[in-house]
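Let me begin by presenting the structure, written as structure tokens, before commenting on it.
The values are calculated or read from the model by the stated rules, or taken from the named source; none is laboratory data. Keep in mind the model is a prediction, meaning the values are calculated, not measured. Methodologically, a virtual Cβ is constructed for each residue, glycine included, from the backbone with ideal geometry; neighbour enumeration extends over all protein chains shown.
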């Protein structure tokens with residue numbers, strides 16, 4: 001089966017989108033200064049922890065987040081990144097999500113209304129968060 | 001086509017879309033958030049057999065009822081935003097540019113815009129644009145595979161239906 005001309009445009013469009021989102025990730029990750037890990041539950045920020053730098057000793061810490069409806073997520077914060085170790089949400093997509101370490105990245109657990117994100121200093125994200133709170 | 005006959009066929013398509021939506025929940029996928037989007041097959045079939053209005057009706061009913069079958073109520077928002085956006089895009093492509101696109105191409109475009117719609121809804125709900133960047137690449141790769149497969153299935157189904165059933169009468 002030969003792809004038609006329109007199909008080629010679809011694939012080009014997809015490649016463009018992937019490229020754009022990588023550029024977006026790169027520009028978001030290009031910030032100096034301290035990074036903060038922010039845990040938001042059901043619209044309100046419940047934890048705000050400084051991201052451990054590479055130089056500091058690698059003390060990984062795990063935070064247990066109790067969801068509003070009675071579930072839990074265990075968030076692991078280390079110099080290597082932030083990830084969700086365990087959760088009892090039905091789909092467990094948050095557990096399977098790769099770990100994050102750049103500002104602007106986030107892990108979301110939709111069933112528990114939980115969002116873990118990394119924010120930089122003076123970034124566009126902080127402006128967004130200000131309007132949210 | 002008689003009104004009753006059309007209503008029956010549309011009801012049949014809705015229930016088929018719902019069943020596909022339900023069973024694909026049991027099929028594991030590699031990437032987080034990625035789904036097979038099998039219900040998209042039905043959307044395409046409806047689009048070709050009936051048209052834009054009927055296809056969108058099926059999409060909206062499926063998007064509202066599907067998450068209630070085996071998911072959460074918040075899922076409705078995601079399936080609606082993804083379904084409506086992809087339905088509109090596929091309709092435009094099929095009704096205006098069908099000479100330039102294969103079913104696989106239209107279906108892939110639909111899968112891509114389904115993901116975009118869902119991610120836009122998610123970044124609106126969670127108030128961060130970062131979700132878009134993080135999840136888009138992996139979902140796009142998944143969309144290429146599932147979109148091609150769904151388009152192929154839709155093509156075979158339509159080829160069969162056009163020979164066996166006098167839909168247009």
Fill in the blank from the handout: Condition set in contact with a strand residue (DSSP E or B) (Cβ under 8 Å, 6 or more places away or on another chain) and more than 17 Å from residue A:108 (Cα to Cα), scope the stretch A:32-48, selection modelled with the lowest pLDDT: answer is A:34
Practice task
Being farther than 13 Å from residue A:35 by Cα and either in contact (Cβ under 8 Å) with a residue 60 or more places away in the chain or in contact with a strand residue (DSSP E or B) (Cβ under 9 Å, 6 or more places away or on another chain) (or both) is the filter here, so list the residues in the stretch A:77-90 that pass it.
Solution key: A:83, A:84, A:85, A:86, A:87, A:88, A:89
Practice task
Among what's in the stretch B:135-148 and is without any contact (Cβ under 8 Å) to a residue 24 or more places away in the chain and surrounded by fewer than 19 Cβ atoms within 10 Å (Cβ to Cβ), pick the residue that is nearest to the other protein chains (Cβ to nearest Cβ).
Solution key: B:137
Exercise for the section: Exactly one condition in (1) part of a helix (DSSP H, G or I); (2) under 14 Å from the mean Cα position of the chain (by Cα); (3) under 23 Å from residue B:140 (Cα atoms) is not met by residue B:34; state its number. Expected result: (1)
Fill in the blank from the handout: Within the stretch A:69-113, the residues that are within 9 Å of chain B (Cβ to nearest Cβ) and assigned to a strand (DSSP E or B) are A:100, A:106, A:107, A:108
Exercise for the section: For residues that are surrounded by fewer than 20 Cβ atoms within 10 Å (Cβ to Cβ) and assigned to a helix (DSSP H, G or I), scanning just the stretch B:95-112, find the one that is nearest to the chain's Cα centre (by Cα). Expected result: B:95
Exercise for the section: Working carefully through the options B:86, B:107, find the one that is more than 10 Å from chain A (Cβ to nearest Cβ) and closer than 30 Å to residue B:3 by Cβ. Expected result: B:86
Handout entry: Qualifying residue in the stretch B:114-128 (condition: in contact (Cβ under 8 Å) with a residue 40 or more places away in the chain and surrounded by 24 or more Cβ atoms within 10 Å (Cβ to Cβ))
Key = yes
Handout entry: Subset of the stretch B:120-134 [within 10 Å of chain A (Cβ to nearest Cβ) and either assigned to a helix (DSSP H, G or I) or touching a strand residue (DSSP E or B) at 6+ places or on another chain (Cβ under 7 Å) (or both)]
Key = B:122, B:123, B:125, B:126, B:128, B:130, B:131, B:132, B:133, B:134
Exercise for the section: Could you figure out which of (1) in contact with a helix residue (DSSP H, G or I) (Cβ under 9 Å, 6 or more places away or on another chain); (2) in a helix (DSSP H, G or I) isn't true of residue B:159? Expected result: (1)
Handout entry: Filter result (at pLDDT 75 or above, more than 8 Å from chain B (Cβ to nearest Cβ) and either within 22 Å of residue B:78 (Cα to Cα) or in a helix (DSSP H, G or I) (or both)) within the stretch A:114-133
Key = A:114, A:116
